[in-house]
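See structure below.
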Amino acid sequence: MNANVLALLLRPAPGQNSVLALPVVAFGIVTTLVLTVIGGAQSFWGWTDEYAPLYQALAAIALVLLVVPLLSLGGAAARLSARRRDERLSTLRLLGVSPAGVTVATVTESVLVAGAGALAGILGHLAISPLVGMIPFRGEPLGFGAVVLSPLHILAVLGGVLVLAAGSAIVGLRRVVISPLGVRTRATVSSVHWIRAVIAVGAIAIAFVLIKVFPSVGSLVATIAVLAGLFGAVLAVLNVVGPWVLKVSASRQLRRAEKPERLLAARIVLDSPKAAWRQVGGIAMAAFMAVFAGTGVALLDVMGGEGATASDIALADDIRTGLVVTLIGSFLMVAASVGVNQASDVLDQRELHRSLHHLGMPLETVDRARRRAIMSPLLVTAIGSALCAAVVVFPLVGIALITAPLSLLTIAAIVAVGIGVVWASTWATRPLLNGAFQAA
C-alpha cells in the first residue's frame with residue numbers, strides 16, 4: 001500500500017468528523033484519569049512510619065479499582081476507532097489490497113488517533129495535578145510534586161496507550177481480513193458463548209479461596225499485591241461474563257415483547273451483546289466499587305465510635321477522604337464511558353436509523369427502543385456486579401459490615417447515581433439521533 005492510498009484511507013469521510021473525534025476524546029479522558037490516579041497513588045509509597053503499610057494497601061486497592069475499568073474504557077476507545085474504518089478496510093480487501101497492507105493502514109491510523117488523544121490527556125493531567133495536590137492527607141495537602149508523574153512514567157503510560165490501541169486494532173482486523181464481504185454487507189454476526197459464565201464462576205471461586213487463605217500465610221507486601229491483583233482480576237472477569245448475561249436477558253425479553261420498541265430493544269442487544277455491554281459496563285464497575293465504599297463507610301462508623309483515639313480519628317478521616325476521591329474518579333469514569341459509547345453507538349447505527357425511518361417507524365419509537373436497550377440491563381448488571389464484589393470482600397470484612405444499614409445505603413446511593421448518569425446520557429445523545437432522521 002503506497003502513501004497516497006494510506007492518506008486517502010486516513011482522511012475522514014464527509015460528515016464523519018464527529019466519529020473521528022470520539023476516539024480522540026476517549027483516549028484523552030483515559031490518559032488523563034490513568035495518569036492522575038497513578039500519580040495520586042504514588043504519593044503514599046514514600047511514607048515509612050507504622051501507618052504507611054495501611055495507607056499503601058488502601059492506595060493499591062483504589063488504584064486497581066480505578067485503573068482496570070479505565071483500561072476497559074481504553075479498549076472501548078480503540079474499538080470506536082476500529083469500527084469507524086471497518087467498511088473502508090473491507091472495501092480495500094475486496095479491491096485486492098493484501099492483509100499486510102490493511103494491517104499497516106489500521107495500526108497507523110489507530111496509533112495516530114490514540115496518540116492525539118493521549119497527548120491531550122497528558123496536558124489534562126498536568127492541568128489538574130495542582131488541584132489533586134490540594135487534597136489533604138495526614139492534616140496537610142499532598143502537594144503538586146507528590147502527585148504529578150515523572151517524564152519517564154508519563155512516557156510509559158503513553159506507550160501503554162499506543163500499544164493498547166494498536167493491539168485492539170489488530171485483533172479487530174480478523175473480521176475484515178477473513179470476511180471483507182461479510183463486513184461490507186453487514187452479514188457478520190456477533191456471538192457470545194456460555195463458556196464465559198463457566199470461566200467467570202471459576203475465577204470468582206478461586207479468588208474467594210485465595211483472599212481467604214493468603215493473608216494468613218503471606219508477607220504484608222505480598223498480601224497487598226495479591227489482594228490488589230485478585231480484585232483487578234474479578235473486575236476483568238465482569239467484562240468476560242457481562243455480554244453473555246445481557247444476551248440471556250435480551251433473549252427472554254424478545255420472547256415476551258409485545259410492543260415495537262421492546263422488540264427492537266431486545267434485537268439491538270442481541271445484534272451485538274458486546275457493544276451492549278460497553279453501554280452499561282461503567283455501571284458494573286461502579287457497583288463493584290460501591291461495595292468497597294459501603295463496607296468502608298460502615299468500618300469508619302465503627303472506628304469513630306466511643307473510645308477512639310486521636311490517631312484512629314485521623315486515620316478514619318483520611319480513609320473517608322480516600323473513599324470520596326475514589327468515588328469521584330469512578331463517577332468520572334462512568335460518565336466518560338457511557339457518554340462516549342452511547343454517542344458512538346448512535347453514529348454507528350445511523351444507516352439503520354435511516355432505514356427504519358424510511359420504513360415508517362417514528363423517531364420516538366426508535367428513541368424509546370434505544371433507551372430501553374441501554375436502561376433495561378442496568379439493574380441486573382448492577383446487582384450482579386455488587387454480588388461479585390460482596391463475594392470477594394466477604395473473607396476480609398465478614399457479612400456484618402457488608403450488610404450493615406449504612407453500607408447498604410451507601411451502595412444503593414452510589415448505584416442510583418450511576419444509573420442517573422446513564423439515564424442523563426441517553427437524553428444527551430438524543431440530538432445525534434435527531435440528526436440521523438433529519439438526514440434521511
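Laboratory data are not the source of any read-out in this text; all were calculated from the coordinates shown. All figures in this text were calculated on a predicted structure; none of them were measured in a lab. All Cβ positions, glycine included, derive from the backbone under ideal geometry; neighbour counts span all protein chains shown.
What distance in nm separates the simple spin-label points at Ala156 and Arg256, each placed 7 Å from Cα in the Cβ direction?
Spacing of the two 7 Å Cα→Cβ label points: 5.0 nm.
Using amide H atoms built 1.01 Å from N in the peptide plane, name the residues 5+ places from Phe137, or on other chains, whose amide H lies under 5 Å from its own.
It is Leu142, by chain and number.
Starting at the first residue of the range 320-325, write each ³J(HN,Hα) from the Karplus equation 6.51 cos²θ - 1.76 cosθ + 1.60 with θ = phi - 60°, in whole Hz, x for Gly and Pro.
These are the phi-based 3J(HN,Hα) values: 4, 4, x, 4, 4, 4 Hz.
Using θ = phi - 60° and the Karplus relation 6.51 cos²θ - 1.76 cosθ + 1.60, list the HN-Hα couplings for the range 228-243 in order, rounded to whole Hz, with x at every Gly or Pro.
4, x, 5, 4, x, 5, 5, 4, 5, 4, 4, 6, 7, 7, x, x
Under the Karplus relation 6.51 cos²θ - 1.76 cosθ + 1.60, θ = phi - 60°, what is the ordered set of whole-Hz ³J(HN,Hα) values for the range 416-432, x standing for Gly and Pro?
4, 5, x, 5, x, 5, 5, 4, 5, 5, 5, 7, 5, 8, 4, x, 5
To the nearest 20 debye, what is the magnitude of the charge dipole of the range 291-358 about its Cα centre, counting +1 on the Cβ of each Lys and Arg and -1 on the Cβ of each Asp and Glu?
380
Given all pairs of different Cα atoms, what value in angstroms does the Kirkwood hydrodynamic radius of the range 191-440 take?
This gives a value of 19.8 Å.
Measuring from label point to label point, each 7 Å out along Cα→Cβ, what is the Ala314 to Val226 span in nm?
3.2
Need the list of lysines near Lys274 for cross-linking: C-alpha distance under 18 angstrom, and skip anything on the same chain fewer than eight residues off.
The qualifying lysines are Lys247.
At q = 0.13, 0.14, 0.15 Å⁻¹, what is the base-10 log of I(q)/I(0) for the range 306-440 according to the Debye formula with one equal point scatterer per Cα and no solvent? Please give it to two decimals.
These q points yield log10 I(q)/I(0) values of -0.72, -0.78, -0.85.
Could you give the alpha-carbon Rg of the range 111-167 over 2.2 N^0.38 Å, rounded to two decimals?
Compared with the compact-globule rule of thumb, the range 111-167 sits at 1.35.
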